[in-house]
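Everything below concerns the one structure shown next.
Just so you know, all these numbers are worked out from the coordinates, no wet-lab data involved. Keep in mind it's a predicted model, so treat the numbers as computed, not measured. Backbone-built Cβ (ideal geometry, glycine too); neighbour counts: all protein chains shown.
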Amino acid sequence: MGIVTCLLCKDEKILEVNRQFLQHDYYTDIITFDYSDGDVISGDVYISLDTVRSNSKVYGTAFSEELLRVMIHGILHLCGEHDKTTEEQSKMRLAENSALALFIEKIGGC
């Protein structure tokens, strides 16, 4: 059994992580570090609550829904999905929407 750790943080922390480990000098909503081994999924998922909040306003979604979408996004990365190309981004978005819909169906909302 693998372990997935979600680290919820502010914009400044995610920027620090982005600079230190990825040499990127910008804010983002999520950074995923994949430690998976074969079929065992493990990793650290950093999520900026500030950016999630901002994105929920931009996209007109509830904060809880946007947070769940970002968490799903991180898990999909740990499952081997990528989002570098336009085609990969489309596939990722479809997988996010499918997982989000399943969650809402089973749990009854965000």
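In percent, what relative contact order does region 1-71 have, based on Cα pairs under 8 Å that are 6 or more apart in sequence? Relative contact order comes out at 34 percent. Largest mean-square fluctuation among Val70, Val58, Val45, in a Gaussian network model of the chain whose springs join Cα atoms under 10 Å apart, belongs to Val58.
Within the chain, the selection of entire DSSP H helices by a Cα span of 20 Å or greater along the long axis and an average Kyte-Doolittle value of at least -1.0 returns 63-78, 86-107. Near Gly2, the amide H atoms lying under 5 Å from its own belong to Ile41; only residues 5 or more places off or on other chains count, and H is placed 1.01 Å from N. Indicate the gyration tensor shape class of region 14-79 (rounded, prolate or oblate), computed on the Cα atoms with a ≥ b ≥ c the square roots of the eigenvalues: a/c under 1.5 is rounded; otherwise a/b larger than b/c is prolate and the rest oblate. Oblate, because a/c is 1.5 or more while a/b does not exceed b/c.
Taking a Cβ cut-off of under 14 Å around Ile14, the surrounding Lys, Arg, Asp and Glu residues balance to a net charge of -3, with basic ones at +1 and acidic ones at -1. Close amide-amide hydrogen proximity is noted between Ile30 and Ser48, each under 5 Å apart and 5 or more residues distant or on a separate chain (H modeled in the peptide plane; Pro and chain starts excluded). Computed from backbone phi with θ = phi - 60° and the Karplus coefficients 6.51, -1.76 and 1.60, the 3J(HN,Hα) list for region 40-48 is 9, 8, 8, x, 10, 10, 8, 10, 7 Hz; x is used for glycine and proline. For His24, the residues whose amide H sits under 5 Å from its own are Arg19, ignoring neighbours fewer than 5 places away on the same chain, with H placed 1.01 Å from N. For the residues Asp29, Asp83, Asp11, a GNM of the chain with alpha-carbon springs under 10 Å puts the largest fluctuation on Asp83.
Along the chain, the longest continuous region that contains none of the trypsin sites (Lys or Arg not before Pro) in a DSSP loop with at most 16 other C-beta atoms within 10 Å is 11-83. The local environment of Met1, defined by Cβ-Cβ distances under 14 Å, has a net charge of -2 under the rule Lys, Arg +1 and Asp, Glu -1. The calculated 222 nm mean residue ellipticity attributable to helices in the chain amounts to -18000 deg cm²/dmol, summing -39500 (n - 2.57) over DSSP H runs of n ≥ 4 and dividing by all residues.
Treating each Cα of the chain as an identical point scatterer and ignoring solvent, apply the Debye formula and state log10 I(q)/I(0) at q = 0.19 Å⁻¹. Cα-only, vacuum Debye calculation for the chain: -1.10.
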